[in-house]
């Protein structure tokens with residue numbers, strides 16, 4: 001259950017970022033590079049459109065919102081083989097000599 005709690009925390013943090021912060025960043029960068037979103041429309045209209053598209057199950061809107069979480073999952077997946085190769089293994093146990101000598105019986 002510890003892994004489930006951690007995954008829910010990761011989803012909450014990155015999902016919240018994708019839902020609240022990333023659209024604002026996309027809007028501001030779009031304003032600078034592409035110009036106005038719509039004539040006379042501000043960031044509120046952008047958020048309203050985004051949430052409307054989320055409700056309509058548009059793949060592009062869901063990809064924007066879940067993008068940070070999916071990116072983290074992809075990095076974790078790519079990191080997995082490297083983590084397995086670099087994992088520290090415990091040193092091999094050396095056979096400890098017995099306290100007394102045991103003579104073979106013939």
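Values computed for the structure shown
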| read-out | value |
| --- | --- |
| Filter result for residue 50 (touching a helix residue (DSSP H, G or I) at 6+ places or on another chain (Cβ under 9 Å) and assigned to a helix (DSSP H, G or I)) | yes |
| Test set (1) out of contact with any helix residue (DSSP H, G or I) (no Cβ under 6 Å at 6 or more places or on another chain); (2) outside any helix (DSSP H, G or I); (3) surrounded by 15 or more Cβ atoms within 10 Å (Cβ to Cβ) - residue 22 fails condition number | (2) |
| Residue 37 vs. criteria assigned to a helix (DSSP H, G or I), surrounded by 13 or more Cβ atoms within 10 Å (Cβ to Cβ) and at negative phi | no |
| From the options 27, 14, residue that is within 17 Å of residue 65 (Cβ to Cβ), under 12 Å from the mean Cα position of the chain (by Cα), assigned to a helix (DSSP H, G or I) and free of Cβ contacts under 8 Å to residues at least 60 places away in the same chain | 14 |
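Rule-based calculations on the coordinates, nothing more; no lab input. All of these numbers come straight from a predicted model, not from anything done at the bench. Note that each Cβ is placed from the backbone with ideal geometry, even for glycine, and that neighbours are counted across all protein chains shown.
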